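J.: Right, I'll just put the structure down here and ask away after.
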Amino acid sequence: MPKPHAVVIGSGIGGLTAAVSLCRRGWQVTVLERAASLEPVGAGIGLAPNAQGALDVIGLGDRIKSLAAWQGDGGMRSPSGRWMSRTDSAAATERFGGAMVLLHRATLIDALVAELPVSVIRTGTTAELVNPGTAGGARAVVRTPTADLEADLVIAADGINSAVRTHLFPDHPGPSYAGFTTWRVVVPAPEQSFAPHETWGRGALWGTQPLKDGRIYAYAAAIAPAGARAADDEKAELLRRFGAWHDPIPGIIAAVEPDQVLRNDVHHLIDPLPAFHRGRTVLVGDSAHAMAPTLGQGGNQAIEDAIVLAHHAAPDADLGTALAAYSADRLPRTGAVVRKAARVARLMRLTSAPAVAVRDTLMSAVSRLGPALVLRTFDGIADWQPPQHTYAARAKDMHMTRRE
């Protein structure tokens with residue numbers, strides 16, 4: 001019998017993980033990407049143990065874990081350099097079964113693409129959902145510049161401004177501004193070693209994290225009006241905001257070329273959707289539950305989405321039941337993470353001296369009770385386990401033929 005056909009709109013982390021997972025399950029998959037190539041947008045991404053466990057299902061977990069660069073301690077600092085809280089990779093591994101793995105997004109994208117036949121991905125192809133289909137009847141229809149594609153399943157991984165989400169839920173208010181903007185850079189490591197850290201100031205933060213390849217992934221966030229941009233360039237803006245903070249921050253900013261600084265305002269879907277599916281069409285990643293980056297869980301939750309979707313959507317499953325189960329699994333979990341990320345963002349946005357002093361004092365007090373208490377923030381998030389066993393055996397068979 002012919003394989004059922006799934007069309008994935010978008011080739012980001014969620015879309016590609018869904019494509020690999022569904023291929024493992026026996027679906028024929030087509031990925032439609034409007035960009036001319038798969039050069040990933042962004043800089044670094046942190047994969048927590050929950051995402052690592054999800055990637056185990058498709059045989060990529062060990063490869064990703066081997067890229068872990070965090071060894072030893074780390075924590076949170078004040079702009080002067082004072083440590084407010086400390087933790088370490090051993091404590092994270094003991095509590096969650098693994099530590100955070102920081103890597104460049106391109107590394108993860110390349111690993112996912114390598115698991116797919118070359119014919120699966122169509123770049124330079126716009127896609128418009130014409131009809132979401134009905135679970136027990138008509139197939140979904142996706143319009144491309146050359147043809148209308150019928151699909152047994154459509155996976156919308158088209159990001160925070162998802163046109164598919166608007167098609168499915170036209171009355172939903174969509175994303176709202178979270179009140180701050182972010183900057184991201186990747187630079188060579190400074191000569192002097194440092195412990196990974198996130199530094200919190202008044203309405204601003206900075207993070208400096210090592211990558212396995214010897215480079216540094218650094219990110220910053222600060223309160224700013226939506227749409228605001230530096231009058232000169234974003235490197236100059238980073239110097240104005242963070243140039244007087246503790247080492248190695250000034251040196252990292254000095255090593256950046258102005259055109260290497262990525263700046264993005266943060267929007268989130270603070271109003272939850274009523275479901276993540278309609279008919280034969282389903283949402284994954286930011287299209288379903290865009291969140292503030294303050295927990296580092298956006299990409300992690302997209303990976304979870306893809307694995308859970310493939311778990312329910314076996315080729316011979318009743319699609320209506322499968323997608324309803326996917327929504328039932330993912331709505332409460334992702335909604336809780338969106339809300340928690342928003343709460344942490346509110347702490348970051350504090351600007352009054354008394355409020356910041358109280359926040360910092362509480363952080364320091366918690367840290368004195370030990371690394372385990374600091375890590376409790378991620379209880380119920382980083383310890384998530386996927387709902388099915390690995391598809392690795394099937395993956396090995398597919399690997400032999402994926403380029404045929």
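J.: Just from its helices, what would the mean residue ellipticity at 222 nm be for the chain, if runs of 4 or more DSSP H residues each count -39500 (n - 2.57) and the sum is divided by every residue, rounded to the nearest 500 deg cm²/dmol?
T.: -10500 deg cm²/dmol
J.: Could you tell me the calculated FRET efficiency between Ile223 and Asp62, based on Cβ-Cβ distance and R0 = 41 angstrom, to the nearest 0.05?
T.: 0.50
J.: Let me ask another. List residues of region 1-23, by number, whose backbone nitrogen lies under 18 Å from a label position 7 Å along Cα→C-beta of Ala147.
T.: From region 1-23, the list is 2-9.
J.: Next question. Can you give me the distance in nm between label points at Ala317 and Ala35, each placed 7 Å from the Cα along the Cα-to-Cβ direction?
T.: It is 2.9 nm.
J.: For the chain, what's the relative contact order in percent, using C-alpha pairs closer than 8 Å and at least 6 residues apart? Could you put the intermediate results ahead of the total?
T.: Numbers: 815 pairs, mean separation 98.6, N = 404.
Contact order relative to length: 24 percent.
J.: Next question, about the same structure. Indicate, rounded to the nearest 5 percent, the antiparallel portion of the DSSP beta bridges found entirely in the chain.
T.: 70
J.: Can you give the charge dipole size of region 1-146 about its Cα centre, rounded to the nearest 20 debye, using +1 on the beta carbon of Lys and Arg and -1 on the beta carbon of Asp and Glu? Mind dumping the intermediate values first?
T.: Working: 14 positive and 10 negative charges, 54 e Å.
Using Cβ point charges on Lys, Arg, Asp and Glu, region 1-146 gives about 260 debye.
J.: Once fully extended, how much extra length lies between Arg376 and Asp213, figured as 0.36 nm per residue of separation less the alpha-carbon to alpha-carbon distance?
T.: In short, 55.7 nm is gained.
J.: How large is log10 I(q)/I(0) at q = 0.17, 0.18 Å⁻¹ when the Debye formula is applied to the Cα atoms of region 73-161, each weighted equally and without solvent?
T.: Reported log10 I(q)/I(0), two decimals: -0.90, -0.96.
J.: Highest first, please rank the peptides 5-16, 349-360, 218-229 by the mean number of other Cβ atoms sitting within 10 Å of their residues.
T.: Highest to lowest by the protection proxy: 5-16, 218-229, 349-360.
J.: Using unit Cβ charges (K, R positive; D, E negative) and no other charged atoms, how large, in debye to the nearest 20, is the dipole of the chain about its Cα centre?
T.: 660
J.: Quick one, can you get me the convex hull of the C-alpha atoms of region 1-123 expressed as volume per residue in Å³?
T.: Each residue corresponds to 119 Å³ of Cα convex hull volume.
J.: Are there chymotrypsin sites (Phe, Trp or Tyr not before Pro) in region 19-91 that DSSP marks as loop and that have at most 11 other Cβ atoms within 10 Å, and which are they?
T.: Passing sites in region 19-91 do not exist.
J.: Also, I was wondering about something else. Report the calculated FRET efficiency for Ser80 and Asp265 (r = Cβ-Cβ distance, R0 = 30 Å), to the nearest 0.05. Kindly include the intermediate steps, with their values, before the conclusion.
T.: Details: r = 28 Å, r/R0 = 0.94.
It comes out at approximately 0.60.
J.: Can you tell me, using C-alpha contacts under 8 Å and at least 6 residues apart, the relative contact order of region 88-143 as a whole percent?
T.: That works out to 18 percent.
J.: Something else about it: With unit charges on the beta carbon (Lys/Arg positive, Asp/Glu negative), name the residue among Val141, Val187, Ala163 whose Cα is farthest towards the positive pole of the charge dipole of region 122-220.
T.: Val187
J.: What does the charge count around Tyr177 come to, taking other residues whose C-beta lies under 14 Å from its C-beta (Lys +1, Arg +1, Asp -1, Glu -1)?
T.: Around Tyr177, the charge tally is 0.
J.: Answer with a single label: of [x] 1.03; [y] 0.97; [z] 0.95, which was calculated as Rg/Rh (Cα atoms, Kirkwood Rh) from the structure in view?
T.: [y]
J.: Starting from the Cα-Cα distance between Ala195 and Ala254, subtract it from 0.36 nm times their residue separation and give me the gain in nm to one decimal.
T.: Between Ala195 and Ala254, full extension yields 19.3 nm more.
J.: Per residue, how much accessible surface does the chain expose to a 1.4 Å probe? Answer in Å², no decimals.
T.: 43
J.: Could you sort 238-250, 295-307 so that the peptide with the highest average Cβ count within 10 Å comes first and the rest follow in order?
T.: Ranked by mean Cβ neighbours within 10 Å, highest first: 295-307, 238-250.
J.: Compare the Cα positions of Val41, Val130, Ala345 along the charge dipole of the chain (+1 at Cβ of Lys, Arg; -1 at Cβ of Asp, Glu; about the Cα centre) and return the one farthest towards the positive end.
T.: Of the options given, the answer is Ala345.
J.: If you don't mind, there's one more thing I want to ask. Where the only charges are on Cβ atoms (+1 Lys, Arg; -1 Asp, Glu), what is the dipole of region 257-383 about its Cα centre, to the nearest 20 debye?
T.: Roughly 580 debye for region 257-383.
J.: Right, another one. Once you order the gyration tensor axes a ≥ b ≥ c over the Cα atoms, which shape class does region 137-236 get: rounded for a/c under 1.5, otherwise prolate or oblate by comparing a/b with b/c?
T.: prolate
J.: Let me see the P(r) profile for region 195-340: every Cα-Cα distance counted, bins of 5 Å, each bin given as a percent of all pairs.
T.: Taking every Cα pair in region 195-340, the percentages come to 2, 8, 16, 15, 14, 12, 11, 9, 7, 4, 2, 0, 0.
J.: Continuing with the same structure: Pull up the cross-link candidates among the aspartates and glutamates for Lys235, meaning alpha carbon to alpha carbon under 18 Å and not fewer than 8 places away within one chain.
T.: Asp247, Glu257, Asp259, Asp265
The values are calculated or read from the model by the stated rules, or taken from the named source; none is laboratory data. Predicted model only: the values in this text are computed from it and were never measured. FYI the Cβ positions are ideal-geometry reconstructions off the backbone, even for glycines, and counts take in every protein chain you see. Quick note on the areas: whole protein, heavy atoms, side chains included, nothing else; ligands and nucleic acids left out. Shrake-Rupley method; radii C 1.70, N 1.55, O 1.52, S 1.80 Å.
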